[in-house]
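Beneath this line is the structure, given in structure tokens, with notes to follow.
Every read-out reported here was derived from the displayed coordinates using simple, explicitly stated rules and does not represent laboratory data. The shown structure was predicted, so the numbers you read here are calculated from the model rather than taken from an experiment. Neighbour counts run over all protein chains shown; Cβ positions are idealised from the backbone, glycine included.
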Amino acid sequence: MGEDVQSLAKRRGFIWQSAEIYGALAGFYDYGAMGATLKRRWEDVWLDFFLDLNDNYHLIDSTTILPEASLKASGHLDSFTDPLVECNKCGSAFRADQLIENETGESAEGLSLEEMDGKLTELGLRCLKCKGGFDSARTFNMMFPVQVGTKGGDVAYLRPETAQGAYLNFKRHFEIMRRKLPLGLAIIGKAYRNEIAPRQGVYRMRELIQAELQIFMDPETFGAQLELDEMKGKEIMVQLVGSRGRSNAEPVLCEILIDAHGLPPFFVYHMYKIQEFYLEEVGIPGDKFRFFEKSEKERAFYNLLHFDIEVELSTLGGFRELAGIHYRGDYDLSRHQKHSKEKMEVSVDGKRLVPHVLELSFGVDRNVWALLDIHFSDERTGILRLPPRLAPYTFAVFPLMKKDDLVSIAKELHYMLKCRFSTLYDASGSIGKRYARMDEIGTPFCVTVDYDGLEDGTVTVRDRDSTDQKRVKKDDLDRIAFGLASGTISFKDL
Ligand code: GAP
């Protein structure tokens, strides 16, 4: 993990290991004041963007504890596993596929347990802690069991993905929302995975947050319900299974992905929208973004089509998965129909079907970390260039010095701005230190009240990225602030 970003994350109140004073458990993290706000802003931007795709997409919430029967039906009880190898000397546990990937640089996700054993031997890999040998690889179920009620109570599990809450609630929402497809159900919340080796900071957590949108649809009519023309002539950065081995993803026209690669138009349309989200809403540079297609052997057990969404992160040493777009077919609803004996089949325009699911699945913690990684400036260390919509504070207001006449105006301006924007007031320390602190937490604009301004009714506005300052009339500040925060006025043009 990048030391600078990591120390900034701790020092400035973004994120750190949970229960540190007791030595901390691997894979559990807490958000501080800046981190919790940044996370909430990312979630808001995500919700605005993806719920906006259709009037029949809605935010719901569901429990994090699920009965065993529902996870037997979903396939997680039998198939939500990772390949575990343990050292036969010190007992340390490792993910076999990761040991192989770290050594070869190639994905080992699709290998059988026997193939992994063979590869570990062929590569001469030994325990990373004590250089001991490994026992045979075996599958390890990553769900956390919980006992509900007193002794002999029901067996249940912490949910391994938020998606199940949407499937279990589908039928009721379909009725409530007047029996239309597509129907989108989004959930943002915790999921739990007992990861074998959570060694990469927030990249592999045991308690994580997901933002997932499950789109229930008829695959035969869904394409016609979308504005497919929007993606005409547009390119998507993608690494297809067939082009593995070449180092980079290539821009591929949406039409080519449909006509030559046989992807359904509804699938490509959502890839296009996800790319738009990352490049335009979150500010990820185009050359650091790509879709990565998973082969039949690599994809999750419930998926018919599976592309990871990857962003190049210097703190994690290359392109890393932040999200996924999954076509799950009718797998989930059919399985729940079979196991629960409740009908999931619906009737729409005279056609009876078990709806198919297109899933847009995002790891919130990984996306928040990516914001810190991508926007942390190398040129002038200490600047977090977050877009104004994502920064914990959009404005900070300072009196140049703690003098009554400056303080009263600064407080008045702070009150005015904080009614509409997230705004911090700070009067302590030198003005240079206050600017530096705001740079580090990503505050795009600082407003300072000084003595010149007392004379002529002006204040200075400082731009984080250029560090330039401009003097504006105090009475214009409300209008200017709105323009700067919304991007309709650029600082340069003030
Ligand atoms: N419902 C589908 C699903 O859960 P997934 O690929 O297993 O798919 C979706 O997870 C996203 O959740 C990933 O793209 C990643 O961003 C995030 N995620 C998964 N496991 C994680 C972990 N152990 N720590 C942090 N984020 C994780």
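Remark: the stretch 385-493 carries a charge dipole of roughly 380 debye about the Cα centre, counting +1 on each Lys and Arg Cβ and -1 on each Asp and Glu Cβ. Computed from Cα atoms, the angle from the helix 404-418 axis to the main principal axis of the chain rounds to 30 degrees.
For Lys119, the aspartates and glutamates whose Cα falls under 18 Å of its own Cα, not counting residues fewer than eight places away in the same chain, are Asp82, Glu86, Asp97, Glu101, Glu103, Glu106, Glu109, Asp135, Glu298. Between His58 and Cys419, the distance separating the two model label sites (each 7 Å from Cα on the Cα→Cβ line) works out to 3.5 nm.
If you take the Cα centroid of the stretch 211-269 and the Cα centroid of the stretch 328-376, the two points sit 17 Å apart. Let me know the shape class of the stretch 1-100, please: from the alpha-carbon gyration tensor, a ≥ b ≥ c as square roots of the eigenvalues, rounded when a/c is under 1.5, otherwise prolate if a/b is greater than b/c, or oblate. Since a/c reaches 1.5 but b/c is at least a/b, the shape of the stretch 1-100 is classed as oblate. The helix-based estimate of mean residue ellipticity at 222 nm for the chain, built from -39,500 (n - 2.57) per DSSP H run of four or more residues and divided by its residue count, is -9000 deg cm²/dmol to the nearest 500. When only the Cβ of Lys, Arg, Asp and Glu is charged (+1, +1, -1, -1), the dipole of the stretch 278-345 relative to its Cα centre reaches about 420 debye. Between helix 265-276 and the chain, what is the angle of the helix's C-alpha long axis to the longest principal axis, kept within 0 to 90° and rounded to the nearest 10? Helix 265-276 sits at roughly 30 degrees to that axis. Summary value for the stretch 82-141: 48 percent relative contact order, contacts being C-alpha pairs under 8 angstrom separated by 6+ residues. Full extension of the chain between Ile489 and Ala224 gives 91.6 nm of extra length, using 0.36 nm per residue less the Cα-Cα distance. Given R0 = 45 Å, the distance between the Cβ atoms of Arg471 and Leu51 translates into a calculated FRET efficiency of 0.65.
Note down the relative contact order for the stretch 385-493 as a percent, whole number, built from C-alpha pairs under 8 angstrom at least six residues apart. 28 percent. Taking each of Lys39/Lys411; Lys403/Lys474; Lys72/Lys343 in turn, the alpha-carbon distance tops 23 angstrom for Lys39/Lys411.
Among the chymotrypsin sites (Phe, Trp or Tyr not before Pro) in the stretch 68-135, none sits in a DSSP loop with a Cβ that has at most 16 other Cβ atoms within 10 Å.
Taking a straight Cα-Cα cut-off under 19 Å and skipping sequence neighbours fewer than 8 places away in the same chain, the aspartates and glutamates within cross-link reach of Lys288 are Glu235, Glu250, Glu276, Glu280, Asp308, Glu310, Glu312, Glu321, Asp365, Asp373, Asp378, Glu379. Annotation for Lys234 and Ser430: the two label points, set 7 Å from Cα along the Cα-Cβ direction, are 4.9 nm apart.
Taking 0.36 nm per residue of separation and subtracting the Cα-Cα distance, full extension of the segment from Glu20 to Glu101 would add 26.1 nm.
The Stokes-Einstein estimate for the chain, based on a Kirkwood radius over Cα pairs and taken at 4 °C with 1.567 mPa s viscosity, is a diffusion coefficient of 52 µm²/s.
What angle do you read, to the nearest 10 degrees and between 0 and 90, between the alpha-carbon axis of helix 364-375 and the longest principal axis of the chain? Approximately 50 degrees, to the nearest 10.
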